[in-house]
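Participant: Dropping a structure here in structure tokens format, bear with me for questions.
The values are calculated or read from the model by the stated rules, or taken from the named source; none is laboratory data. Treat the numbers as computed from the prediction; the structure is a model and nothing was measured. Cβ placement follows ideal geometry from the backbone for every residue including glycine, while neighbour counts extend to all protein chains displayed. With ligands, DNA and RNA removed, areas are computed over all heavy atoms of the protein, side chains included. Shrake-Rupley method; radii C 1.70, N 1.55, O 1.52, S 1.80 Å.
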Amino acid sequence: MPDLFPSFSVPDYIESDSAQSNQNFPKSVLFDFNSGDFVRDGAGRLVESSGYDAWVQWCIKAIATQRYACMAYNSDYGVETDGILSSSLSDKDAAEAQIASTVTDALLADQNNRTKAVGYFDFSWLKDSVTVKCVATATDGATANISVNLQRGD
């Protein structure tokens, strides 16, 4: 009679680079910046994001937040762009250098030490705002293209 429960050898599990990537990045709840609310599944439960997506969301939020504007954040969180955008700087190169500097400082101040470098800045100016695009590099080598529209404060 044949064996009812056959046996077989299980192959070794080799963890891929993508599975190892961001293993030290804490997960978070997925946020939809277009709707301004957290993403929910069909049952109304909050959807969890990967560690990489949580880092990208943190980068966008850190750039979009004015430093010292909210007492809930410590003094290392956010950017200082109100003065740059509200002043009538005729030299956009100087303004772009200041914005790049404050964005870099904000992303490197990550308390979870996820950000390794920030660079490749690109700016698109409108009358009362500027869209800042940059590439953030994580400590594990992953990169993220970040784009944030900064409005002039009133």
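Participant: Just checking, which of Asp53, Asp110, Asp76 is closer than 19 Å to Ser28 by Cα, among the acidic types (Asp, Glu) and not in a helix (DSSP H, G or I)? Before the answer, list the steps.
Facilitator: Details: Asp53 fails: not in a helix (DSSP H, G or I); Asp76 fails: closer than 19 Å to Ser28 by Cα.
None of the others qualify; the one that does is Asp110.
Participant: Then there is this: Does Ile146 satisfy the condition of being over 13 Å from the mean Cα position of the chain (by Cα), touching a residue at least 40 places away in the same chain (Cβ under 8 Å) and within 18 Å of Gly78 (Cβ to Cβ)? Before the answer, list the steps.
Facilitator: On the way: over 13 Å from the mean Cα position of the chain (by Cα): no; touching a residue at least 40 places away in the same chain (Cβ under 8 Å): yes; within 18 Å of Gly78 (Cβ to Cβ): yes.
Spelling it out, it is not the case that Ile146 is over 13 Å from the mean Cα position of the chain (by Cα), touching a residue at least 40 places away in the same chain (Cβ under 8 Å) and within 18 Å of Gly78 (Cβ to Cβ).
Participant: Turning to a different aspect of this structure: Could you figure out which of (1) under 19 Å from Phe33 (Cβ atoms); (2) within 15 Å of the chain's Cα centre (by Cα) isn't true of Thr137?
Facilitator: Checking Thr137 against (1) under 19 Å from Phe33 (Cβ atoms); (2) within 15 Å of the chain's Cα centre (by Cα), the one that fails is (1).
Participant: Here's something else I'd like to know. Considering the range 54-86 alone, what residues qualify as being touching a strand residue (DSSP E or B) at 6+ places or on another chain (Cβ under 7 Å) and of a type in the set (D, E, K, R)?
Facilitator: Arg67, Asp82
Participant: OK, next. Every residue in the range 105-122 that is open to solvent by 30 Å² or more (accessible area, probe 1.4 Å), without any contact (Cβ under 8 Å) to a residue 60 or more places away in the chain and over 12 Å from the mean Cα position of the chain (by Cα), please.
Facilitator: Answer for the range 105-122, where residues must be open to solvent by 30 Å² or more (accessible area, probe 1.4 Å), without any contact (Cβ under 8 Å) to a residue 60 or more places away in the chain and over 12 Å from the mean Cα position of the chain (by Cα): Asp105, Ala109, Gln111, Asn113, Lys116, Ala117, Tyr120, Phe121, Asp122.
Participant: Next question, about the same structure. Tell me yes or no: at least one residue of the range 123-131 is within 20 Å of the chain's Cα centre (by Cα), outside any strand (DSSP E or B) and more than 25 Å from Asp32 (Cβ to Cβ).
Facilitator: So far as the range 123-131 goes, no, none of its residues is within 20 Å of the chain's Cα centre (by Cα), outside any strand (DSSP E or B) and more than 25 Å from Asp32 (Cβ to Cβ).
Yes/no per residue for (1) in contact with an Asp or Glu (Cβ under 7 Å, 6 or more places away or on another chain); (2) open to solvent by 50 Å² or more (accessible area, probe 1.4 Å); (3) at pLDDT 80 or above:
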{"site": "Lys27", "(1), (2), (3)": "yes, yes, yes"}
{"site": "Arg40", "(1), (2), (3)": "no, yes, yes"}
{"site": "Gly44", "(1), (2), (3)": "no, no, yes"}
{"site": "Thr65", "(1), (2), (3)": "no, no, yes"}
{"site": "Asp82", "(1), (2), (3)": "no, yes, no"}
